[in-house]
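Trainee: Structure incoming, see below.
Each value in this text was obtained by applying a stated rule to the coordinates, not by laboratory testing. Predicted model, so just to flag it, every value in this text is computed and none were measured. Cβ placement follows ideal geometry from the backbone for every residue including glycine, while neighbour counts extend to all protein chains displayed.
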There are 2 protein chains.
Amino acid sequence: MSAPASGRRHSRDDVSRTALRLLDEYGLPDLTMRAIATSLDVQVSALYWHFPNKQSLLAAVSARILGPMDQVDVEDLPTSDVVRLLGGRLRECLLAYRDGAELVSSSLALGLVDSPVQSQLMRATRRDGVPDPLALVAAETVMHYVVGFTFHEQQRLSADALGLLDTETSLSPDAVSAPPEAGADFAEALTMIADGLDAAVRRHTARAGR
Amino acid sequence: MSAPASGRRHSRDDVSRTALRLLDEYGLPDLTMRAIATSLDVQVSALYWHFPNKQSLLAAVSARILGPMDQVDVEDLPTSDVVRLLGGRLRECLLAYRDGAELVSSSLALGLVDSPVQSQLMRATRRDGVPDPLALVAAETVMHYVVGFTFHEQQRLSADALGLLDTETSLSPDAVSAPPEAGADFAEALTMIADGLDAAVRRHTARAGR
DNA sequence: ACCTGAACACCGTTCAAGT
DNA sequence: ACCTGAACACCGTTCAAGT
């Protein structure tokens, strides 16, 4: 699986790929340098040849989690739909791995990873004639809201998964993998941001036209 | 300063007050149980009589940081102004202590502390006839955006403070304590959220009136 | 170029026992 | 009610040395 081709040793990608698998399997608190090294059949100190410290290794894992964001197709969609689409996709990316939102949240705050929303959103806003500064503000708002919301959501999911036997456990079969319908508020919030961007654009063009 | 009255020992409040002081002085990575205990002239294990674990101690510190949010005066201000006022105040609370945003961010995600925006915002929205569900979504959006933005901002400030001697250090005197003008984007984002809430309210009342 | 082996300087948490 | 003393089971990082 994560072993390199025979003859060569490990690569940076081997390390981050293995770390992502361990994250999903055991969670962020158990994602130690020792656990990663053991899984690669290597000494801990070997990891420091590939990465200068743990934080930059975690940044590489974050980039892997956010990878699918680049493939979102934004063509022939109005800006407000693009806001909703990118926000929804970002949430899906974060939920795809255990503790994904927490990990990405800190990598983003440390500035070790690029905005997962900005470049794609600006592709649409430039086409629609939205001023760049407004698009940047909207991109930041979407990013911070989605990451914060999903961080909170994912933490609640993990907590529920642990205390599942104490409370009412009889839901529909495989109710765990199916996203619960707290997603309605999430969609409403994205619409609010999209509408707010729209209002800002109208305000801007009105000022330019007087 | 943080010592209790003679005769009595320490209280929960002594501990969290001392922890907040150490946070501001040395930063979150150095806020260890051992450092807190040493500052209180006590053994580490003594802290576990007051708090079940470190995370709940940090939650008490977070609550202390968010304390001033309850004193925001919301009377005779329209809802959209209240959104901007609460968002701005929250940012100020987080910036008031070193690493405040990071600490509060995790306490909020863990659900160990109440929303610093919700109750105050709803005081205004109920008075203005805004439906509760919309107000809740707006409160979440403001909270997550402000915390995420300020987390990022504060991290950049700390990084700059360390690398200050390498780069151009000659700015205006005491340029550190004065908030730099990245706050313009912040205000624009809050206005976008306020406008988005406004649009949602109009959409709602239009549907009710047909 | 990539890794080993061993050490350093720490962590959070527990628990019997004291007063 | 509040704390001591000592231990347990870990951490991330460094560095000389190997191949």
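Trainee: Within 10 Å of each Cβ of A:186-192, how many other protein chain Cβ atoms are there on average?
Mentor: For this peptide, the per-residue mean of nearby foreign Cβ atoms is 6.
Trainee: Over the Cα atoms of segment B:12-62, compute the convex hull volume and normalise it per residue, giving Å³.
Mentor: Dividing the Cα hull volume of segment B:12-62 by its residues yields 63 Å³.
Trainee: Show me the ranking of peptides B:203-210, A:40-47 by mean Cβ neighbours inside 10 Å, starting with the highest.
Mentor: Descending mean neighbour count gives A:40-47, B:203-210.
Trainee: Let me check I've understood the local charge: for residue B:138, count other residues with C-beta under 15 angstrom from its C-beta, Lys and Arg +1, Asp and Glu -1. What total comes out?
Mentor: Charge balance near residue B:138 sits at -3.
Trainee: Quick one: putting +1 on the C-beta of Lys and Arg, -1 on the C-beta of Asp and Glu, what dipole do you get for segment B:20-128 around its Cα centre, in Debye to the nearest 20?
Mentor: 220
Trainee: Something else now. Rounded to the nearest 500, what is the protein assembly as shown's calculated 222 nm mean residue ellipticity when only DSSP H runs of at least 4 contribute -39500 (n - 2.57) each, over all residues?
Mentor: -21500 deg cm²/dmol, from helical runs alone.
Trainee: Over the residues of segment B:1-104, compute the C-alpha Rg and express it relative to 2.2 N^0.38 Å.
Mentor: 1.26
Trainee: Put the label 7 Å from Cα along Cα→Cβ for residue A:206; what are its distances to the other copies, in nanometres, shortest first?
Mentor: With the label placed 7 Å along Cα→Cβ, residue A:206 yields 1.5 nm.
Trainee: Could you compute the net charge surrounding residue A:116? Neighbours are other residues with a C-beta less than 10 Å from the C-beta of residue A:116; K and R count +1, D and E count -1.
Mentor: -1
Trainee: Now for a different question. Run the Debye formula on the Cα coordinates of the protein assembly as shown, all scatterers equal and no solvent, and tell me log10 I(q)/I(0) at q = 0.06, 0.07, 0.09, 0.14 1/Å.
Mentor: -0.28, -0.39, -0.65, -1.45
Trainee: Short version: ³J(HN,Hα) in whole Hz for each residue of segment B:47-63, in order, from phi by Karplus 6.51 cos²θ - 1.76 cosθ + 1.60 (θ = phi - 60°), x for Gly and Pro, what are they?
Mentor: After applying 6.51 cos²θ - 1.76 cosθ + 1.60, I find 5, 6, 7, 8, 9, x, 6, 5, 4, 6, 5, 5, 5, 5, 5, 4, 4 Hz.
Trainee: If I take every Cα pair under 8 Å that is 6 or more residues apart in segment A:65-208, average their sequence separation and divide by the length, what percent do I get for the relative contact order?
Mentor: Over segment A:65-208, the number comes to 32 percent.
Trainee: I've got another one for you. Distances from residue B:131 to the same position in the other copies: list them in nm, one decimal, shortest first, using label points 7 Å from Cα along Cα→Cβ.
Mentor: Ordered by increasing distance: 3.3 nm.
Trainee: With θ taken as phi - 60° and the coefficients 6.51, -1.76 and 1.60, list the Karplus ³J(HN,Hα) couplings across segment B:99-116 in order, rounded to whole Hz; mark glycine and proline as x.
Mentor: 6, x, 5, 4, 4, 5, 4, 6, 4, 5, 5, 6, x, 8, 8, 6, 4, x
Trainee: Smallest Cβ-to-axis distance in chain A, for the rotation taking A to B: which residue, how many Å?
Mentor: Axis-proximal residue of A, distance in whole Å: A:196, 2.
Trainee: Defining the label point at 7 Å along Cα→Cβ, can you sort the distances from residue A:55 to the same site in each other copy, shortest first, in nm?
Mentor: 2.3
Trainee: Moving on to the next point. Just name one of B:105, B:194, B:94: the one whose Cα is farthest towards the positive end of the charge dipole of segment B:65-208 (beta-carbon charges, Lys/Arg +1, Asp/Glu -1).
Mentor: The residue sitting farthest along the positive end of the dipole is B:194.
Trainee: So what is the diffusion coefficient of chain A in µm² per second by Stokes-Einstein at 37 °C and 0.692 mPa s, using a Kirkwood Rh over Cα pairs?
Mentor: For the chosen part, D equals 171 µm²/s.
Trainee: Average partner chain C-beta neighbours within 10 Å, per residue of B:135-144?
Mentor: 5
Trainee: While we're on this one: Using a cut-off of 13 Å between beta-carbons, work out the net charge of the residues near residue B:66 (Lys and Arg +1, Asp and Glu -1, residue B:66 not included).
Mentor: 0
Trainee: Another question about this same structure. Work from the charge dipole of chain A (Cβ charges, +1 for Lys and Arg, -1 for Asp and Glu, about the Cα centre) and give the residue of A:137, A:150, A:23 farthest towards its positive end.
Mentor: Looking along the dipole axis, the top candidate is A:137.
Trainee: ³J(HN,Hα) across segment B:77-88 via Karplus (A = 6.51, B = -1.76, C = 1.60, θ = phi - 60°), whole Hz, x for Gly/Pro?
Mentor: Once θ is set to phi - 60°, the couplings for segment B:77-88 become 10, x, 3, 5, 5, 5, 4, 5, 5, 5, x, x Hz.
Trainee: Can you tell me the dipole magnitude for chain B around its Cα centre, using point charges on the Cβ only (Lys, Arg +1; Asp, Glu -1), in Debye to the nearest 20?
Mentor: 960
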